[in-house]
Amino acid sequence: MFIPIGDDNSDRRIVPVVNFTIIAVNFLVFFFLQGGGSNLEFTYGYSTVPQEILTGRDIVTQAAVVRNPATGGRVMMPGLTRTAIPVYFTLLTAMFMHGGLMHLLGNMLYLFIFGDNIENRLGHLRYLLFYLACGVAASLAHILAGVFFGANLLIPMLGASGAIAGVLGGYLLLFPRRRVRVLIFRFITEVPAIAAIGVWFLFQVISGMGALGQGGGGVAYGAHIGGFLAGLALVRIF
């Protein structure tokens with residue numbers, strides 16, 4: 001267990017209103033629009049479907065029983081529902097939705113800890129644009145990885161993970177030595193950001209390689225890695 005729980009904010013000059021707003025929107029979407037994860041019609045309608053992005057057209061499918069490549073078990077996969085907006089806009093809507101409560105809480109913890117520092121450095125508007133750009137880049141990386149490795153391009157993708165990975169990439173470049181408090185098993189200690197984020201990125205690479213060997217594993221590791229690299233590349237520009 002390696003969980004970041006805080007960092008040094010002593011140099012913060014502005015209230016991170018954009019970061020707080022993004023977190024609030026994610027919670028509001030999950031509980032009120034996704035119905036806490038039970039409204040599958042909304043969730044599947046506004047998630048990013050790689051095949052829709054590649055073809056530019058909305059795809060509607062029937063529910064089907066599929067085999068989970070990681071476990072070998074069979075599960076019912078709901079069909080894709082109609083999207084009420086142009087499919088390319090799902091690259092934005094998907095990054096404000098989550099597959100479950102723990103998915104949401106884990107993402108928002110990372111965003112709460114690391115996002116305010118980036119907003120403090122970039123300013124409100126540029127931070128928002130940086131966040132959205134990283135999220136879109138992460139989704140495109142996931143789609144390209146799916147095409148390259150022959151993944152099922154009809155499986156929807158959702159979550160803020162790719163955009164937050166971009167925040168982590170930007171944080172690592174701007175604040176590599178900043179002290180981050182982490183929970184390691186039962187102990188709380190401080191490590192430099194390069195160690196805390198480096199462990200996270202290493203886990204994404206190792207897990208992504210394993211997931212690709214199992215047909216995807218249900219986690220968009222390609223988006224995490226792509227978002228992280230986008231954050232490294234874009235933060236200086238913004």
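The values are calculated or read from the model by the stated rules, or taken from the named source; none is laboratory data. Just so you know, these numbers come straight off a predicted model, no measurement behind them. Cβ coordinates were reconstructed from backbone atoms using ideal geometry, including for glycine residues, and neighbour counts include every protein chain displayed.
So the values come out like this:
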read-out	value
Residue in region 70-90 that is outside any helix (DSSP H, G or I) and among the aromatic types (Phe, Trp, Tyr) present	no
Residue in region 91-105 that is farther than 18 Å from residue 136 by Cα, buried (at least 19 other Cβ atoms within 10 Å of the Cβ) and in contact (Cβ under 8 Å) with a residue 12 or more places away in the chain present	yes
Residue under evaluation residue 129, criteria (1) of a type outside the set (Gly, Ala, Ser); (2) modelled with pLDDT of 95 or more; (3) touching a helix residue (DSSP H, G or I) at 6+ places or on another chain (Cβ under 6 Å); (4) surrounded by fewer than 19 Cβ atoms within 10 Å (Cβ to Cβ), criterion not met	(3)
Test result for residue 140, touching a residue at least 24 places away in the same chain (Cβ under 8 Å) and not in a loop (DSSP other than H, G, I, E, B)	yes
Of residues in region 7-30 being free of Cβ contacts under 8 Å to residues at least 60 places away in the same chain and more than 18 Å from the chain's Cα centre (by Cα), the one nearest to residue 63 (Cα to Cα)	15
Matching residues in region 15-51 - criterion: being outside any loop (DSSP other than H, G, I, E, B) and touching a Phe, Trp or Tyr at 6+ places or on another chain (Cβ under 8 Å)	18, 19, 22, 23, 25, 26, 29, 33, 35, 36, 37
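Yes or no, residue by residue, for (1) of a type outside the set (Asp, Glu); (2) closer than 20 Å to residue 33 by Cβ; (3) at pLDDT below 95:
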site: 77; (1), (2), (3): yes, no, yes
site: 82; (1), (2), (3): yes, yes, yes
site: 86; (1), (2), (3): yes, yes, no
site: 92; (1), (2), (3): yes, yes, no
site: 99; (1), (2), (3): yes, yes, yes
site: 104; (1), (2), (3): yes, yes, yes
site: 114; (1), (2), (3): yes, no, no
site: 120; (1), (2), (3): yes, no, no
site: 137; (1), (2), (3): yes, no, no
